[in-house]
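Enquirer: Please see the structure below; I have some questions.
The values are calculated or read from the model by the stated rules, or taken from the named source; none is laboratory data. Note that this is a predicted model, so its numbers are computed, not measured. Side chains are part of the model used for accessible areas, which takes the heavy atoms of the whole protein and leaves out ligands, DNA and RNA. Shrake-Rupley method; radii C 1.70, N 1.55, O 1.52, S 1.80 Å.
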Amino acid sequence: MSAGFQRARRPEQVAARRTAILAAARELLAQRPVAETSLRELACRVGLAKSNVLRYFDSREAIFLEVLDGLWTAWLDELAFGELPGPPFARAERIAGTIAATLAERPLLCELISAMAPVLERNISVDFARGFKQRAAANLDRLASLVRAEVPELSAEAARVFARAVVVVVSGAWPYANPTEAVALATAEAGGAPGFEAVVAESLTNLLAGLVARGR
């Protein structure tokens, strides 16, 4: 803990301390994977003892989920599909390709999505889980609305199915496209594999086209 530390007491002080912790977490996560980023290292980066960091967040995992929520919201703020072609499959290709390309530009978002269910949600309180899941659901609804605005023949439920599938596809495609050095070498020797953006674009194109076809 840094010299001269004082516990934040007023709401604006607490908010400022939480913002500083999240900023430090983003910096660390930009440098190394989730699995290699410890609470102790994060506490040192922000100038606090671990016990003091835990005054503001339930756990290391809760901090990383807050970072995920911010990155997910920022991605949706910037997501735009441009002018789409007329035929349904061509629109599905453009939408899926845009989603895949913009996610590929945000590796930290993709890594945190892939770590969300198997790692990060395993060490959080019920109260934090409720709040996070409410915000996650709002983000999924927002993505569904953005897609449905471009593909109005989708039902509201089909659009939500597609939005949820984006998370599932990214969760599987990201670790698959970022293997260990040994697995990457073996994969290259076996003829290689498609990259993250290609896998996501193909999967989401087929899903969106299928949902449109089923709705008719």
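Enquirer: Of the accessible area of the chain, with the probe set at 1.4 angstrom, what percent is carbon plus sulfur?
Expert: 54 percent
Enquirer: Once the whole set of protein chains is in place, how much accessible area is left on Glu153, using a 1.4 Å probe, in Å² to the nearest 10?
Expert: Approximately 70 Å² of Glu153 is accessible to the 1.4 Å probe.
Enquirer: For Thr180, Thr98, Thr187, what's the largest-to-smallest order of accessible area, 1.4 Å probe?
Expert: The ordering from most to least exposed comes out as Thr180, Thr187, Thr98.
Enquirer: Here's something else I'd like to know. Read through the labelled values (1) 14.2; (2) 14.8; (3) 16.3 and report the label of the one computed as mean projected area of the Cα convex hull in nm² from the structure.
Expert: It is the one labelled (1).
Enquirer: Now for a different question. Excluding ligands and nucleic acids, what accessible area in Å² is computed for Thr205 using a 1.4 Å probe, to the nearest 10?
Expert: Surface accessible to solvent at Thr205 totals approximately 10 Å².
Enquirer: Can you give me the accessible area per residue for the stretch 141-212, using a 1.4 Å probe, in Å²?
Expert: So the stretch 141-212 comes to 51 Å² accessible per residue, rounded to a whole number.
Enquirer: Take the alpha carbon atoms of the stretch 128-168, find their center, do the same for the stretch 169-209, and report the distance between the two centers in whole angstrom.
Expert: The distance from the Cα centre of the stretch 128-168 to that of the stretch 169-209 comes to 23 Å.
Enquirer: Tell me, what is the 1.4 Å probe accessible area of Asp141, in Å² to the nearest 10?
Expert: 80 Å²
Enquirer: How high is the relative contact order of the stretch 46-143, given as a whole-number percent (alpha carbon pairs under 8 Å, six or more residues apart)?
Expert: 45 percent
Enquirer: Same structure, new question: Please state the relative contact order of the stretch 23-92 as a whole percent: Cα pairs under 8 Å, 6+ residues apart?
Expert: Normalised by residue count, the contact order of the stretch 23-92 is 24 percent.
Enquirer: In whole angstrom, note down how far apart the Cα centers of the stretch 92-115 and the stretch 59-80 are.
Expert: With the stretch 92-115 and the stretch 59-80 each reduced to a Cα centre, they are spaced 13 Å.
Enquirer: Please report the relative contact order for the chain, taking Cα pairs under 8 Å with a sequence separation of at least 6, and give it as a percent rounded to a whole number.
Expert: 23 percent
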